[in-house]
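Visitor: One structure coming up, written as structure tokens, with questions to follow.
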Amino acid sequence: MKRPQQKPSKPKSEPKPSPAKHRTKTVRSTSPRVSSIARRPAPSKAPRKSHRSPAAAPQTKQSQLITLLDSAAGASMAQMTKLTGWQPHTVRGMLSGSLRKRLGLNVQHRVEDGVRVYRILGAGEGAAS
């Protein structure tokens, strides 16, 4: 099938340039711009003095869990979820991923009165399962 031939379109007229007397050239300075906002002073190389003592530093939930699991009694899932505010699957993920795999802690569990109790065993302690 043949296509019907189209009429050649008229070339679009280009916009007329404005007269040269109205054009201005933008000159940019090579110096850095100074904003109107006050800049912060450069940080000093000297170590910062902390107004807090090292013992007053806030503990992370991970460190709180480690402290709880380090006790001789250990901790149940209910105790760990109450301490952290996490759901049980998140606590189990922390036990498996961070404490066992990343930190290399020996986290074991045993069942006492139908409740699974987790604890961190030291190097000299026997494995209870």
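Visitor: Within the range 97-117, count every residue that is among the β-branched types (Val, Ile, Thr) and within 25 Å of Pro58 (Cβ to Cβ).
Guide: First pass over the range 97-117, keeping only residues among the β-branched types (Val, Ile, Thr): 107, 111, 115, 117.
Filter once more, keeping what is within 25 Å of Pro58 (Cβ to Cβ): 107.
Looking only at that region, the number is 1.
Visitor: Could you look through the range 64-81, keep only residues that are in contact (Cβ under 8 Å) with a residue 40 or more places away in the chain and either small (Gly, Ala, Ser) or not in a helix (DSSP H, G or I) (or both), and pick out the one that is surrounded by the fewest Cβ atoms within 10 Å (Cβ to Cβ)? Steps first, answer last, please.
Guide: Of the residues in the range 64-81, the ones in contact (Cβ under 8 Å) with a residue 40 or more places away in the chain are 66, 69-77.
Filter once more, keeping what is either small (Gly, Ala, Ser) or not in a helix (DSSP H, G or I) (or both): 71-76.
Working: Ser71: 10, Ala72: 6, Ala73: 11, Gly74: 22, Ala75: 22, Ser76: 15.
So, considering only residues that are in contact (Cβ under 8 Å) with a residue 40 or more places away in the chain and either small (Gly, Ala, Ser) or not in a helix (DSSP H, G or I) (or both), the one surrounded by the fewest Cβ atoms within 10 Å (Cβ to Cβ) is Ala72.
Visitor: Further, regarding this structure: Across the range 97-125, which residue is surrounded by the most Cβ atoms within 10 Å (Cβ to Cβ) among those that are of a type in the set (Gly, Ala, Ser) and within 20 Å of the chain's Cα centre (by Cα)? Break it down into steps so the answer makes sense when it comes.
Guide: Of the residues in the range 97-125, the ones of a type in the set (Gly, Ala, Ser) are 97-98, 104, 114, 122-124.
From what is left, the residues that are within 20 Å of the chain's Cα centre (by Cα) are 97-98.
Details: Gly97: 11, Ser98: 14.
For the range 97-125, the residue satisfying everything is Ser98.
Visitor: State all residues of the range 82-96 that are buried (at least 16 other Cβ atoms within 10 Å of the Cβ) and within 14 Å of Ser63 (Cα to Cα); if no residue qualifies, say none. Step through it out loud before you land on a result.
Guide: Applying the first criterion (buried (at least 16 other Cβ atoms within 10 Å of the Cβ)) to the range 82-96 yields 84, 86, 91, 94-95.
Thr84, Val91, Met94, Leu95, listed by residue number.
Just so you know, all these numbers are worked out from the coordinates, no wet-lab data involved. Remember, it's a predicted structure, so these values are computed and weren't measured experimentally. Because the Cβ atoms are built from the backbone with ideal geometry, glycine has one as well, and the counts that use them run over all protein chains shown.
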